[in-house]
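The values are calculated or read from the model by the stated rules, or taken from the named source; none is laboratory data. Computed from a prediction, not measured in an experiment: that's the story for all the values here. Cβ: placed from backbone, ideal geometry, glycine included. Neighbour counts: every protein chain shown.
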């Protein structure tokens, strides 16, 4: 009986450890697995079923999608289902779509890391050749869970709004008076006065009577 209880505790401990480890780390997901992110022009089809691949994964904030590809494909991310269905981001509202790489028609190998920074639906597609690759299945949707939340490296506040510097005309010219100039102005104002004719007559009369 005691042996069975100990065995049950051991199994429970392993399950708790496995569950904890599943939510205490971030994951890099290689899109398409070994097939990568490629479009086969000969068969006019993508190199993998990306919708099926995405369904086999669990995505959390802070994870990365790793696109192993080349310039013949593009990597477009959007949170807008309409943009995704259109297989084009040319008319997408500002901030609704981001092109991470590709689209250079060069065969050089590329590794494009894309961070997952927003919960909920995230859409990805290649709009190369006027969206033809996307229309042939080079696209997928994922659901991003909260998980551990964003790590500090991805959880930065947005930069402050841009403020244009003041124009030269609005800047005031500082005073160029030195301390000695200010002292001289003080003494001049304190001890200068005007001799009127009546005051001069009074002074001469006082001297004459003395």
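Looking at (1) out of contact with any strand residue (DSSP E or B) (no Cβ under 8 Å at 6 or more places or on another chain); (2) more than 23 Å from residue 148 (Cα to Cα); (3) at pLDDT 95 or above, which is the one condition that is false for residue 56?
In the conditions (1) out of contact with any strand residue (DSSP E or B) (no Cβ under 8 Å at 6 or more places or on another chain); (2) more than 23 Å from residue 148 (Cα to Cα); (3) at pLDDT 95 or above, residue 56 misses (2) alone.
Residues of the range 39-48 being touching a strand residue (DSSP E or B) at 6+ places or on another chain (Cβ under 9 Å) and surrounded by fewer than 21 Cβ atoms within 10 Å (Cβ to Cβ), which ones? Full working, then the answer.
Start the filter on the range 39-48 by keeping residues that are touching a strand residue (DSSP E or B) at 6+ places or on another chain (Cβ under 9 Å), which leaves 39-40, 45-47.
Answer for the range 39-48, where residues must be touching a strand residue (DSSP E or B) at 6+ places or on another chain (Cβ under 9 Å) and surrounded by fewer than 21 Cβ atoms within 10 Å (Cβ to Cβ): 40, 45, 47.
Are there any pairs, at least 6 apart or on different chains, whose C-beta atoms fall under 9 Å, with the first in the range 35-60 and in contact (Cβ under 8 Å) with a residue 60 or more places away in the chain and at positive phi and the second surrounded by fewer than 18 Cβ atoms within 10 Å (Cβ to Cβ) and in a helix (DSSP H, G or I), and if so, which?
44/132
In this structure, is residue 93 exposed (fewer than 14 other Cβ atoms within 10 Å of the Cβ), at negative phi, in contact (Cβ under 8 Å) with a residue 12 or more places away in the chain and part of a loop (DSSP other than H, G, I, E, B)? Walk me through it before giving the result.
Details: exposed (fewer than 14 other Cβ atoms within 10 Å of the Cβ): yes; at negative phi: yes; in contact (Cβ under 8 Å) with a residue 12 or more places away in the chain: yes; part of a loop (DSSP other than H, G, I, E, B): yes.
Spelling it out, residue 93 is indeed exposed (fewer than 14 other Cβ atoms within 10 Å of the Cβ), at negative phi, in contact (Cβ under 8 Å) with a residue 12 or more places away in the chain and part of a loop (DSSP other than H, G, I, E, B).
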